[in-house]
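In what follows, a single structure is set out as C-alpha cells and then discussed.
Any read-out appearing in this document is the output of simple, stated calculations on the displayed coordinates, not a laboratory observation. Everything numeric here is computed off the predicted structure, so don't read it as measured data. Glycine also receives a Cβ, built like all others from the backbone with ideal geometry; neighbour counts cover every protein chain displayed.
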Amino acid sequence: MNIGRRSKVWIHFVRKDNGSAECNTCSKLISCKGGTTTNMTKHLRLHGIQIKECTGFQPVSPVSVRLTTTVVFRCRPGSTNTEHSLSGALAISCAATTAQANKPVPARVNPFTLAGKGKMTVEKREECHRKVTAFVVKRLHPFSEVEAPTFRDMLFTLNPNYTPPTRDYLTNQLIPSWYEIEKSNIITELSEVSYVALTSDGWTSIAQDHYLTVTAHYLVEGKMRQKVLQTKAVYKAQTGIVIAEEIADVLTDFGIFDKIVAVTVDNPANMDVAIHRLQFVKLGCFAHTLNLAAQSLYSLAIMSQWIAKIRALVVWIKRSSMAKTVLQEKQAILKLPQHSLILDVRTRWNSLHLMLERFLEQYPAIQAASLDQRLRKPMERDRLARFTDEDLRRAEDFIRLMRVMYTPTLCVSSDKNPTSGQILPILKKLEMHFTVTDGDTVFVSNLKKQVWRNLSKRYQSDEIRSFLEEATALDPRFKQKMDDNAAVWDRIKGKFLAKNLPDSEKSTDLDCGGDGDENMEGMESEAEENVSQMHPCKKPKMTPLEELFADEDAQKVTPQQNSMSIQDQMGSDSESEEEVQPDRAIHRYRAEPTTSMEDCPLQWWSSHAGAHDKLTPLARKYLATPASTVPCERLFSVAGHIVQKKRSALLSENVDKLVCLSNWLKDE
C-alpha cells in the first residue's frame, strides 16, 4: 500500500500500475487513470463500504487512518502469507489497542445477500422503504434526494444493512403503489357515506400547466373529513362542457356521483355552465365574494389617490435597505412591534385591509423615519407625498369599517366546523353594518354604498337561496334567524317526508356513542368544572365567529329559560318514534335553545341524535358543505412547493400523486 497517497480509498486497494489498482476484497482490477479514485469508491459501495472524505475540520494523516481502521490485506498471487504483518510505528501504536483490534469484524456483504444471511427481513426492508417514501412525499423533497450521497450516508450510518431505493424505483414503484393503496382506502370510506359536498378550482403551475382540483367533504363519526380526489393536468380549452366532463370522470372513478349535495366554486362563467350541466347545486365561494366586494373600492376616485399615496410610501420603504434600517431603529425607540410593512395585492384576500392596519400600527415609526436626515433628502428627491392628518382619519375609518369584512373571511375558512349555515347570518350582519347613517362622513358613506352594492347582488338565485336558508335553519347556532320564515320550515318538512331520503340512513355519522341529552350534559358540566379548576381566571381567546356574533351570543336563550321540558320535546313514553309527526319533530328541534358560537354543530347533533334522529340525516346534508374554496387554495400552496423552478419538468401524473398523498397522509 502506498503510504503517500492521501485518499482513504487506497486503504482498500493496492496500486498495480499507472492505470489500475487491485481491490483487497475481491482482487478485481479497477481503472484509476490520472490518479482519480471515483471508480474505486463506486466499487467499494458494492461491498457495503462507505468512504468518508477528509475535511478541513478533521484532517486525517496516513498514520491516524491506520490507527482507527482495521485493515486486512489479501496476499498477492504467489505469496505464501495470508496477511501482511504490521511493522514499525504502526505495530507499536496498535499494541495499545490489541484487545479491540482482535475483536472479530463481521464481513461486509452486498445488498443482494442481506436477506439470505438474515441481516434484514423483507418486512423490515419494506418498512424502511415506506418511511423513506413518506419522508420524500410529506416533506415535498425531490425524488433525487434518495440518491444524494449525504442522504444515503446518513441511512448507512443508521443501518448499514439497509440500501435505500433508487430514484427510478421510488418514482415508478413505491409512490404509485402507495397511491393506489390510499386511493382504494378513500373509495372504501366514501362508499359508506351518504352525502358528499365538493369544492373545485383551477390552478396554473410555473410550467404553465393547468390543473383542475376536486376535493370531497363529508362526515365520519361526527368529524369533518376533506380529501382531495384529484389534481389533474388538463390540456383542453377550459369550457364549461369540458370541465363538467372532467369532474364527472373524477366522481365516477370514486363512485360518488349520486351522493353529491352541492359544489362550492369561484365565480367564473365556465364553472357556472359546468355545475349546471352536472345538475348540482352551485355555491359561490363566500370568501371570494367578500374579496370582490372589497376590491370594488379600488374603482372609487376618493379611494384611488389616497391608496396610491400610502402604497408608494410602503413600496419605497420595502425597497430601500436604509429605510428599513431606520424604520427598525424608530420601532425600537418607540417600543413598537418589529413588524414589516405589508403591500396589498388584489388577488390576495383582505390585503388592502391588512396593509392599512399595519401602516396605522407603525405610523409613529414611519413618521419619525420620514423626518430622519438619512431619509429626508431621498424622499424629497423621489417626491413622495407625505401622510396628512386627514389621511390618518381616513385610515382609521377604513379599518373600523372593513374589519367586519375581514373577520367573516376567517370564519368561512375553517375546515373543522360547518360553514354553509354562516353565509346568510353574516350577510344580514353586513347589511346592517354597511347601512348609511346620519353620522357617517362622505368618505365612509361612499365606502358603505360601494361595498353593499356589490354584496347585494350575490346569492339571489332561488335554488341557492333555498339551500342556504335550510343550512342556516339546521345549524343550531343560527336557527333563530329563520324562525320568522315559515317557508323554510315547510321545505324542511317536505324533505323530511320525501321518499328519496334513504330508509337505511342512520345517525351513525354524527353519533359519537352518547345516550342523548343527559350524557352530554353530564360530560359538558364535568368538562366545564375541569376547565374552571385548571384555569379559574384565564379566558380563552375568542374565535373569529365568536368575535363577529358576540352581541348575539349575549342575548341568546339559556337552557334554564327554555319553557319546554325534555318530556314535552320527546313526547310521552307510550309514543313510539315512528308515530312522531314531522310537525312535532320540527317543533321539538325549534324549541331547543340555540347554542353559542363556540359550540360545534356536529357535536350538538351527535349528542341530540336520540331526540332528533329523523332530522339528523337531513342536517348531515348541509353540515359538510363548505362555504368557500379555501381547501383548494391550500392545496395549490402545496402544489406550488412541489412544482418549483428546479422541478418544473415534473410529470403531471406525479404532481397529482404527490398532492393527493400529502393531503391523505397529513393527519398521520
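Plainly put, segment 159-208 has a radius of gyration that is 1.18 times its Kirkwood radius, both from alpha-carbon atoms, as the Rg/Rh ratio. Arg383 to Ala332: FRET efficiency via 1/(1 + (r/R0)^6), r the Cβ-Cβ distance, R0 35 Å, to the nearest 0.05? Step by step, r from the Cβ atoms, then E = 0.75. Note on Val122 and Tyr235: their simple-model spin labels are 3.9 nm apart, each label 7 Å out from Cα toward Cβ. What shape does segment 305-464 have by the C-alpha gyration tensor, where a ≥ b ≥ c are the square roots of the eigenvalues, rounded means a/c under 1.5, and otherwise prolate means a/b greater than b/c and oblate the rest? The shape class here is prolate. First select every other residue whose beta carbon is under 11 angstrom from the beta carbon of Phe434; then total the charges, Lys and Arg +1, Asp and Glu -1. Surrounding charge for Phe434 is +2. Using 0.36 nm per residue and subtracting the Cα-Cα separation, the extra length available between Leu158 and Lys495 on full extension is 115.2 nm. Backbone phi angles across segment 639-647, fed through the Karplus curve with coefficients 6.51, -1.76 and 1.60 (θ = phi - 60°), yield HN-Hα couplings of 4, x, 6, 7, 8, 9, 4, 7, 10 Hz in residue order; Gly and Pro are listed as x. Counted residue by residue at 0.36 nm each, then reduced by the alpha carbon distance between them, the extension gain from Leu300 to Asn185 reaches 36.2 nm. Karplus-based coupling profile of segment 597-609, in residue order and whole Hz: 6, 7, 7, 8, x, 5, 5, 5, 5, 5, 6, 9, 5, with θ = phi - 60° in 6.51 cos²θ - 1.76 cosθ + 1.60 and x standing for Gly or Pro.
FRET efficiency for the Leu360 to Gln208 pair, using the beta carbon distance and R₀ = 56 Å, is estimated at 0.90. Legend: calculated FRET efficiency, Thr347 to Glu147, from the Cβ-Cβ distance at R0 = 30 Å, rounded to 0.05, equals 0.20.
Computed from backbone phi, the HN-Hα couplings of segment 432-437 come to 5, 5, 9, 7, 5, 10 Hz, rounded to whole numbers (Karplus: 6.51 cos²θ - 1.76 cosθ + 1.60, θ = phi - 60°; Gly and Pro given as x).
Extension gain, Val273-Cys26: 0.36 nm per intervening residue step, less the Cα-Cα distance, totals 81.9 nm.
Electrostatic bookkeeping for Asp201 treats Lys and Arg as +1 and Asp and Glu as -1; over the other residues with beta carbon under 9 Å from its beta carbon, the sum is -2.
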